[in-house]
């Protein structure tokens, strides 16, 4: 009999199972600096470094390109241009072949990679890059969709229309009508670890690429296309990212492909880690939008019909702009029922970096446009926006069909909002704020409570699949691998908790291993909040397969019915005896039972017909609400978030500590997007906010002074997701809307809450002050 | 007399004594740690001193006393670390791999998600905990102004910061218990020698004294003078500019002098923001909130008042409030010194009244007279650790007759240099200190300033906010009802 000193065979509950507040699996390594990111890996002998040469015009054709000085610079081994790519010069994730690895003939944005330098050191590569002499024939360019006819602009991908009922007719007949336009800014991901790829050449056609990516399979495919080799020659691995947020869903392709090409060409390992400025200049961001809206409503503030036109700055290529702008439309309703709705997207071509995925994936922009409409209705009627919000909520048995004809079957927004309204004393604080404002000339306060309803699933149905690989070794320890990637969100530990729960073994018996295309193939991006839903189920499926084999083995070995085999904490009850898990595993091995399994999962129920604008694209919805109170300085526009209360649901949480972390972090990131994070392009098409000195994400001192965050622990997923949990990655991001609305409310106070401030995003101090000035003028004060 | 020459720098790295002769003038501490020492817990997030992922502690002898401060390794030059103790995250774990109290608190409060910023936060919290073991929200936020986290939203990190002392006593920390030994080591390294390394365009000097500095600059007047490197660091990491030959000055004790005599505070050129904070905020309270909003803690520990003046930026935060106070500047070349009005130092964008071989030695700051109203405020996109869009400083005396008898007003961010609002001052002088006077003076701004639009603010906003700061100043002095600024203070 083996000794199991480390294993508690009497435990009532395993350590670190489902619903435990298990800390992040790498927490110890994070705080000690021992967690290995790609730039921290021991470097292969002879490692070379790459740097990308970026275009210096926004649009034009390359007349001449003189790279002799670059080639001759100290330490330079190779200079790559489009002509040096052995396979396809394309990394378009949309299949539209509109995104070259390196510009060929023409450049389409300021900062587009034109060539790559490979040198002995990173510094040599960077210095050499500056020696290129490229002449361009400059062409007219568009950086801002504000400047063009948005209904006639060139598109990068086909637009979407959603309609239900006769919106135009409903608006025309409505007692009140309002038309307006809102600008919603973009957002840089500002992952703390920038983009990076390390390619190590192997024998034959092989190459292994370590890439900071949310989508190893896509990196694999892109590298294989650009190299012109089969996918089997390319292995992509990532243990962890230093943040992703969507910015590493497709944006790592370029660096990985070039590192791989250089590595194969030179027969040496190549690392490309762009400087922060190059990273922010040359990689895509959240789409900024201009939303035209028209709403018809009655005296009580019931919306009767609404029309939206969501125009997005997509940049020079399609990337993920199609699904991003689709998702904006999918969330033009937030939590509200529209009796008649017409919504269109316009994914517009611009001479800017190609915008991409970012937490919420267009959904936040859709919702912010929607919340503007709510405010318009409220201020026009002199009512509290919260009253209008509640009046227009989806019903549970009626008034529950979305603009895309999916019925909302799991609506809990009423309870979430009612509980939050009560717990944060919205009514009392509203009165206190009115009193404060009456006695305060310069500083004004505002409050807003905004809901979130967010659809969960990739809208491209085929992405809703996942694989996992589980090995049980003969000592009973478990190796876990799946297609999901770890970017800080705690996916690895959640999936490990699911596997530990399945086997009823302590979490430390489950080893979490780096995501690699060599173990689990054909994976989807870790995106769309789907990580735990998909990979948790796939891993559970794999674990159950092995568990079933163990049950069958135990039943037959001990001559008992299968239902008398029960997995208890760290042991298995087999009839009348209890066998330590490792012992049962060892016995099974001796009896030649397979102790490894690949698991698979695909999300049921979902379907979507894009041409018809109809279907059931979301498996379920996640809900939450936030109430924020702010104070603004009407002399400078500066502001402070005084307090935020959040009530959010994650179904039956797999790990409340991790989920709370996602909620708090998502809220702050959403708040940053809508307040101080501003992207500015100059008249040459240059992005001027390309580093933290100019691009301002929230600091500790920007978080709400009072911050109460609670999980709606009564909620559970109506669908049979993994342990009835819900996705948590993206939904809380949109809780940040409460800050924008509260700022708007504070601004509105200078005109007696009768004029909609039309505060655009990001609501920088400048925008707040200018809105205050505008309202004072409008109100004749 | 020529000091002794030394051709290596000496410092302590965690527990190890280092002597290095192969140091380039523009080699950053971060590159040294990561590339040459494989100490890869310290991360590069931005390479410009804004994100804090590279935060390490540097211990130095300040007037003989050992002081540890968080700094940005990404823009700190290795060559500036002679006789310093560099402490990286790798130095924190205790015997048998036991986590340090700061680390354990961060783990227990879920203070990390992606983990990339975490070592930097750990180091900033370590510095805070050593000087303030039981910090409140305000102290924690100030200590973390120079650390960006994109995942957590900071709440768990702040909670961890409050809990650290429950895991161990700061007094029992190795950096506290080994003070005497480290002090002795560093004192021994401070041997009074001039350090010279490299030649030609790859050369730097660490002078032995202020006199030695004067001599070195006379001999090599085109040298780049580097004090805190919070600006020059970016010339290297961002612009890849060649800065050699370099003369490092931040270590010179004589240039860290702070004194007050006859109502004038003299700050020697290398006094850091952190060092200046005490006397300025005590004697001229408007500096308290102003200095707290310059950079993050790491930048305030490195950046110097003299450097902020000498580099001539139109958006430096020290010149406007000092100009409004009527500060003067002493420049030295060889043994010759001259003292000029600070405002006269700024000639035009990128052009200052400093001759080759000359250096800023000290700034002299008159404390405002007792009956003067004085205030200085900056306006930024993000409240903390942001570069000024507009900064206004106001020094006004209202006589017994209720009329303005003295006015000195200066702004940053409104012109190509830090600049006085002379027309506005004239519009106030002799007038009753009333809102109509202030509103009339607000119309005079167009004569003094024509600000630009850039990524920080539009010209229109700069102008409006600048004018409104004068109104805020009036309201503050006249006791307006209610708050006149938003506040980060917590209710009791």
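The values are calculated or read from the model by the stated rules, or taken from the named source; none is laboratory data. Here the structure is a predicted model, which is why all the values come from computation and not from measurement. Here the Cβ positions follow ideal geometry from the backbone for every residue, glycine too, while neighbour counts run over all protein chains shown.
Against the test of being under 27 Å from the mean Cα position of the chain (by Cα) and within 14 Å of chain A (Cβ to nearest Cβ), the options B:457, B:415 yield a single qualifying residue, B:457. Remark: pairs (first residue in region A:479-503, within 14 Å of chain B (Cβ to nearest Cβ) and without any contact (Cβ under 8 Å) to a residue 60 or more places away in the chain; second residue buried (at least 24 other Cβ atoms within 10 Å of the Cβ) and outside any helix (DSSP H, G or I); Cβ separation under 9 Å; 6+ apart in sequence or on different chains) = A:491/A:482; A:491/A:484; A:491/A:485; A:491/A:526; A:491/A:729. The set of residues from region B:104-122 being assigned to a helix (DSSP H, G or I) and under 19 Å from residue A:37 (Cα atoms) comprises B:107, B:118, B:119, B:120, B:121, B:122. For region B:370-392, a tally of residues being more than 7 Å from chain A (Cβ to nearest Cβ) and either surrounded by 22 or more Cβ atoms within 10 Å (Cβ to Cβ) or touching a residue at least 60 places away in the same chain (Cβ under 8 Å) (or both) returns 12.
The residues in region B:218-239 that are within 14 Å of another protein chain (Cβ to nearest Cβ) and either out of contact with any helix residue (DSSP H, G or I) (no Cβ under 6 Å at 6 or more places or on another chain) or at pLDDT below 95 (or both) can be counted, and the count is 8.
Yes or no, residue by residue, for (1) surrounded by fewer than 24 Cβ atoms within 10 Å (Cβ to Cβ); (2) more than 29 Å from the chain's Cα centre (by Cα); (3) closer than 27 Å to residue A:638 by Cα:
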residue: A:365; (1), (2), (3): no, no, yes
residue: A:368; (1), (2), (3): no, no, yes
residue: A:372; (1), (2), (3): no, no, yes
residue: A:381; (1), (2), (3): yes, yes, no
residue: A:387; (1), (2), (3): yes, yes, no
residue: A:400; (1), (2), (3): yes, no, no
residue: A:407; (1), (2), (3): yes, no, no
residue: A:410; (1), (2), (3): yes, no, no
residue: A:427; (1), (2), (3): yes, yes, yes
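In this structure, does residue A:238 turn out to be more than 14 Å from chain B (Cβ to nearest Cβ) and either touching a helix residue (DSSP H, G or I) at 6+ places or on another chain (Cβ under 6 Å) or crowded, with 24+ Cβ neighbours inside 10 Å (or both)? No: the conditions fail for residue A:238. Taking helices (runs of 4 or more DSSP H) as the structural unit, those lying wholly within region B:253-350 and holding at least 3 residues that are farther than 30 Å from residue B:70 by Cα and not assigned by TED's automatic domain parsing to the domain that holds residue B:71 correspond to B:342-345. Among the criteria (1) under 30 Å from residue A:119 (Cα atoms); (2) touching a strand residue (DSSP E or B) at 6+ places or on another chain (Cβ under 8 Å), the one residue A:309 does not fulfil is (1). Every listed requirement among (1) under 27 Å from the mean Cα position of the chain (by Cα); (2) at pLDDT below 95; (3) surrounded by fewer than 20 Cβ atoms within 10 Å (Cβ to Cβ) is met by residue A:441 save one, (1). Name every residue in region B:90-121 that is more than 22 Å from residue B:34 (Cα to Cα), in contact (Cβ under 8 Å) with a residue 24 or more places away in the chain and at the interface with chain A (Cβ under 7 Å from one of its Cβ atoms), in order of residue number. Correct list: B:106, B:110, B:113.
Yes or no: residue A:12 within 30 Å of residue A:74 (Cα to Cα) and exposed (fewer than 15 other Cβ atoms within 10 Å of the Cβ)? The answer is no for residue A:12. The set of residues in region A:712-737 being away from chain B (no Cβ under 14 Å), out of contact with any strand residue (DSSP E or B) (no Cβ under 6 Å at 6 or more places or on another chain) and not in a loop (DSSP other than H, G, I, E, B) consists of A:722, A:723.
Criterion first (in a helix (DSSP H, G or I), within 28 Å of residue A:143 (Cα to Cα), touching a residue at least 40 places away in the same chain (Cβ under 8 Å) and more than 9 Å from chain B (Cβ to nearest Cβ)) does residue A:670 satisfy it? Answer is yes for this residue. Residues that are surrounded by fewer than 24 Cβ atoms within 10 Å (Cβ to Cβ), assigned to a strand (DSSP E or B), touching a strand residue (DSSP E or B) at 6+ places or on another chain (Cβ under 8 Å) and touching a residue at least 24 places away in the same chain (Cβ under 8 Å) do occur in region A:512-524.
Against the numbered list (1) over 23 Å from residue A:275 (Cα atoms); (2) in contact with a helix residue (DSSP H, G or I) (Cβ under 7 Å, 6 or more places away or on another chain); (3) in a loop (DSSP other than H, G, I, E, B), residue A:150 comes up short only at (2).
The helices (runs of 4 or more DSSP H) falling completely within region B:402-490 that include 3 or more residues that are under 16 Å from residue A:638 (Cα atoms) map to B:459-478.
Test of understanding: among B:33, B:13, B:57, which residue is within 24 Å of residue B:177 (Cα to Cα), buried (at least 21 other Cβ atoms within 10 Å of the Cβ) and within 14 Å of chain A (Cβ to nearest Cβ)?
B:57
Counting only strands (runs of 3 or more DSSP E) wholly contained in region A:73-143, the ones carrying 2 or more residues that are under 30 Å from residue B:34 (Cβ atoms), away from chain B (no Cβ under 14 Å) and at pLDDT 95 or above occupy A:76-80, A:113-119. State the number of residues belonging to region A:18-55 that are on the phi > 0 side of the Ramachandran plot, more than 8 Å from chain B (Cβ to nearest Cβ) and over 25 Å from the mean Cα position of the chain (by Cα). So the answer is 1. Taking region B:463-480 as the range and being more than 9 Å from chain A (Cβ to nearest Cβ) and within 25 Å of the chain's Cα centre (by Cα) as the test, only B:466 passes.
Look through B:134, B:145 and report the one residue that is under 19 Å from residue A:701 (Cα atoms), part of a loop (DSSP other than H, G, I, E, B) and more than 11 Å from chain A (Cβ to nearest Cβ).
B:134
Only one of the listed residues (A:690, A:753) is within 30 Å of residue B:54 (Cβ to Cβ), more than 9 Å from every other protein chain (Cβ to nearest Cβ) and part of a loop (DSSP other than H, G, I, E, B). That residue is A:690. Taking the conditions (1) surrounded by 24 or more Cβ atoms within 10 Å (Cβ to Cβ); (2) away from chain A (no Cβ under 14 Å); (3) touching a helix residue (DSSP H, G or I) at 6+ places or on another chain (Cβ under 6 Å) in turn, residue B:324 satisfies each one other than (3).
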